[in-house]
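S.K.: The structure is given below, and queries will be raised subsequently.
Derivation of every value follows stated rules applied to the coordinates shown; laboratory data play no part. If you're wondering where the values come from, they're calculated on a predicted model, not measured in any experiment. Ideal geometry is used to build each Cβ from the backbone, glycine not excepted, and the neighbour counts take in all protein chains shown.
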Amino acid sequence: MGDIRRRGIVALGITALVAPLTVALGSTTAQAASCSATTGPYQKQVEKFLGRPVDGRQSTADCKAIKAFQTKHGISPNAGYAGSVTWGVMSLMNKQKAAGTNPNKAGKCPVDKGRIACVDLTRQLSWIQDGKTLKYGPVPVRTGRNGYETRTGLKKVYWRDIDHVSSIYHVPMPYSQFFDGGQAFHSVGISVWAPPGSHGCVNMTKKDAAKYWNTLRKGDDVFVYGRKPGT
């Protein structure tokens with residue numbers, strides 16, 4: 001990674017977004033599990049989110065739907081149980097959707113810096129604005145997990161590498177735009193809602209990372225605020 005190695009830790013982790021999170025760190029994929037017949041503590045909420053009949057009782061169809069969601073988003077174990085981690089991801093998705101087209105409604109990201117990339121750790125959202133004008137987003141992101149938190153504050157994009165590969169974790173980091181030590185915006189090939197979190201970078205879908213690459217420039221401001229649930 002050249003001088004980025006000296007600046008700090010980079011790159012891909014396996015993310016996490018929500019509280020309360022009681023998952024084992026380090027798992028890279030949802031592990032195979034049989035379908036649970038047990039009614040979970042968040043059964044009704046999960047049923048509603050998935051468009052299932054809301055009766056608060058686990059069924060075979062409920063389990064299959066929950067299991068499919070868990071598998072898609074890297075939630076382990078993917079046994080179809082409506083527990084806190086699964087509902088936490090769904091709840092976060094609801095909060096992200098509620099941001100609509102006015103993610104900076106509370107005015108927490110500076111509007112006097114011109115073009116700036118905002119990162120709200122609490123909602124796991126990012127967007128690009130110019131003054132009060134929204135230029136792109138908001139988009140869901142995955143930030144640093146517990147112990148590898150994405151650092152808060154006002155920063156600047158200082159180095160860009162479209163085909164970056166981490167020399168620490170030996171994983172590709174396409175569309176990397178570094179803004180604080182080894183912490184960068186970049187795309188990942190797994191769900192941006194997959195627990196438990198990155199190693200500090202702001203992970204995005206390929207589409208969103210490419211748009212950030214084409215919109216931001218070296219020297220542009222980045223403002224990170226809030227606190228990721230579970231950290």
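S.K.: Among N102, Y81, N146, pick out the residue whose Cα is farthest towards the positive end of the charge dipole of the chain, where Lys and Arg carry +1 and Asp and Glu carry -1 on C-beta, about the Cα centre.
M.R.: N102
S.K.: What fraction, in whole percent, of alpha-carbon pairs in segment 38-170 exceed 17 Å separation?
M.R.: Value for segment 38-170: 68 percent of Cα pairs lie more than 17 Å apart.
S.K.: At 7 Å along the Cα-to-beta-carbon direction for both S167 and A37, put a label point, then send me their distance in nm to one decimal.
M.R.: According to this spin-label approximation, the distance is 5.6 nm.
S.K.: Moving to a separate point now. Counting pairs of alpha carbon atoms under 8 Å apart in space and at least six apart in sequence, what relative contact order in percent does segment 165-231 give?
M.R.: Computed over segment 165-231, the figure is 25 percent.
S.K.: Going 7 Å from the Cα of T122 in the Cα-to-Cβ direction, what parts of segment 154-197 have a backbone nitrogen less than 18 Å from that spot?
M.R.: 154
S.K.: From the backbone phi of segment 175-184, what are the Karplus-calculated ³J(HN,Hα) couplings (6.51 cos²θ - 1.76 cosθ + 1.60, θ = phi - 60°) in whole Hz, Gly and Pro given as x?
M.R.: Per-residue couplings from phi come out as 6, 5, 10, 7, 10, 7, x, x, 8, 8 Hz.
S.K.: Round to the nearest 10 and give me the degree value, 0 to 90, for the angle of helix 60-72's Cα axis relative to the longest principal axis of the chain.
M.R.: 20 degrees
S.K.: Return, in residue-number order, each cysteine of the chain whose C-beta is not under 4.7 Å from any other cysteine's C-beta.
M.R.: Cys with no partner Cβ under 4.7 Å: C201.
S.K.: Rg to Rh ratio, the chain, alpha-carbon atoms and Kirkwood radius? Before the final figure, lay out each step's value.
M.R.: Details: Rg = 18.1 Å, Rh = 18.0 Å.
Expressed as Rg/Rh, it is 1.00.
S.K.: Can you give me the angle between helix 206-215 and the longest principal axis of the chain, using Cα atoms only, in degrees from 0 to 90, rounded to the nearest 10?
M.R.: 20 degrees
S.K.: Which entries in the list K135/K207; K44/K228; K108/K132; K108/K135 go over 21 Å, if you measure between the two C-alpha atoms of each? Can you show the working numbers first?
M.R.: Working: K135/K207 15 Å; K44/K228 25 Å; K108/K132 12 Å; K108/K135 17 Å.
The answer is K44/K228.
S.K.: Here is a follow-up. Quick check: net charge around G226, other residues with Cβ under 9 Å of its Cβ, Lys/Arg +1 and Asp/Glu -1?
M.R.: +3
S.K.: K218: which aspartates and glutamates have alpha carbons under 19 Å from its alpha carbon, excluding same-chain residues fewer than 8 sequence positions away?
M.R.: D3, D112, D130, D161, D163, D180, D208
S.K.: About its Cα centre, how strong a charge dipole does the chain have in debye, to the nearest 20, once Lys and Arg get +1 and Asp and Glu get -1 at the Cβ?
M.R.: With Lys and Arg at +1 and Asp and Glu at -1, about 340 debye.
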